[in-house]
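One structure is given here, and the rest of the page talks about it.
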Amino acid sequence: MKIIAINGSPNGASGNTGQVLAALMEGARGAGADTEVFLLGELTVTPCRSCRVCQRLGTCVIDDDYPKIKAAMIEADGIVLASPNYIYNVSAQMKALLDRSFSMFHCQMLAGTYGAAVLTSGGPLYAQVEEYLMHVIGTIGCWKAGSLTVMESQLKDHGEKMQALREAADLGRRLAEAIGSRMRFPDQEADREQCFEMMRWLVEQERDNWPYEYEYWQKHWPGK
């Protein structure tokens, strides 16, 4: 199985988010997963231009690193979205990636994939950001395996840091085990179905304007 992680921190692997994410991925590898991490701080993903070419043709007109990240997300069995909490939201780097991925949401390209989220925060007002990341993971089509927020203060205390990293590793293990067993989460099924049908309806309504997305649905989800 393959699990990829997208680290939205501009500090990359050496920052707080990178440390927690590294522990998560170690836990996933211990449960049998192959892993790969994309560091958005070292890549170029520019903001969406809202030209809608991706909806018409299936390709993006911007020449940067986004296409290789998108391809890895589609090929993976599991994804992890990791970001610091910046002004009650994800980082600009992560938001740019998510905005560029909007056609993936419309097409439910990750339906059946498994996902998890990691958030780091300097202050205690982070719940809405963690909830947002998990909402993103669910609406792109993934089963939500879990999330973890780690405070910066925890990482400054040795004992608390070790506990936080153990929790991250456990989340990585649980994500890999969910993939391996093709686990279903009954409490998520109604929301998944509602989102799936909403995206189907939206694309059908705009089929003349969004031919690629409409053809994707006809090819990949004809009986659903």
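Some points to look at:
- Residue, modelled with the lowest pLDDT, within the stretch 112-129, restricted to residues that are touching a Phe, Trp or Tyr at 6+ places or on another chain (Cβ under 7 Å) and not in a strand (DSSP E or B): Leu125
- Which listed residue, of Gln55, Gln128, Gln108, is surrounded by 21 or more Cβ atoms within 10 Å (Cβ to Cβ) and out of contact with any strand residue (DSSP E or B) (no Cβ under 8 Å at 6 or more places or on another chain): Gln108
- Exactly one residue out of Ile69, Ile87, Ile74, Ile79 is touching a Leu at 6+ places or on another chain (Cβ under 8 Å) and exposed (fewer than 15 other Cβ atoms within 10 Å of the Cβ): that is Ile74.
- Test result for Gly180, more than 24 Å from Met109 (Cβ to Cβ) and touching a residue at least 12 places away in the same chain (Cβ under 8 Å): no
- Yes/no for Ser9 being assigned to a loop (DSSP other than H, G, I, E, B), among the hydroxyl-bearing types (Ser, Thr, Tyr) and buried (at least 19 other Cβ atoms within 10 Å of the Cβ): yes
- Exactly one residue out of Ile74, Ile69 is more than 22 Å from Trp210 (Cα to Cα) and not charged (D, E, K, R), and it is Ile69.
- Filtering the stretch 142-153 to residues that are in contact with a strand residue (DSSP E or B) (Cβ under 9 Å, 6 or more places away or on another chain) and either surrounded by 15 or more Cβ atoms within 10 Å (Cβ to Cβ) or not acidic (Asp, Glu) (or both) leaves Cys142, Trp143, Lys144, Ala145, Gly146, Ser147, Leu148, Thr149, Val150, Met151.
- Residue tally, condition surrounded by fewer than 21 Cβ atoms within 10 Å (Cβ to Cβ) and assigned to a helix (DSSP H, G or I), over the stretch 23-40: 3
- Failed item, numbered, when His135 is tested on (1) touching a residue at least 12 places away in the same chain (Cβ under 8 Å); (2) within 18 Å of Val90 (Cβ to Cβ): (1)
- Looking only at the stretch 130-185, and only at residues there that are small (Gly, Ala, Ser) and outside any helix (DSSP H, G or I), the one that is modelled with the lowest pLDDT: Gly141
- Scanning the stretch 43-101 for residues that are over 30 Å from Ser153 (Cα atoms), in a loop (DSSP other than H, G, I, E, B) and in contact (Cβ under 8 Å) with a residue 60 or more places away in the chain yields Arg52, Gly58, Ala76, Asp77.
- Residues being in contact with a Lys or Arg (Cβ under 9 Å, 6 or more places away or on another chain) and more than 19 Å from Thr35 (Cα to Cα) are entirely absent from the stretch 69-81.
- The residue of the stretch 176-198 that is surrounded by the fewest Cβ atoms within 10 Å (Cβ to Cβ), among those that are in contact with a Gly (Cβ under 9 Å, 6 or more places away or on another chain) and within 21 Å of Gln218 (Cβ to Cβ), is Phe196.
- All positions within the stretch 199-217 that are surrounded by 12 or more Cβ atoms within 10 Å (Cβ to Cβ) and part of a helix (DSSP H, G or I): Met199, Arg200, Leu202, Val203, Glu204, Pro211, Tyr212, Glu213, Tyr214, Glu215, Tyr216, Trp217
- Some residue of the stretch 60-73 being in contact with a Phe, Trp or Tyr (Cβ under 7 Å, 6 or more places away or on another chain), farther than 26 Å from Trp201 by Cα, modelled with pLDDT of 95 or more and of a type outside the set (Gly, Ala, Ser): yes
The values are calculated or read from the model by the stated rules, or taken from the named source; none is laboratory data. As the structure is a computational prediction, the values presented were derived from the model and not from experiment. We place every Cβ from the backbone using ideal geometry, glycine too, and count neighbours over all the protein chains shown.
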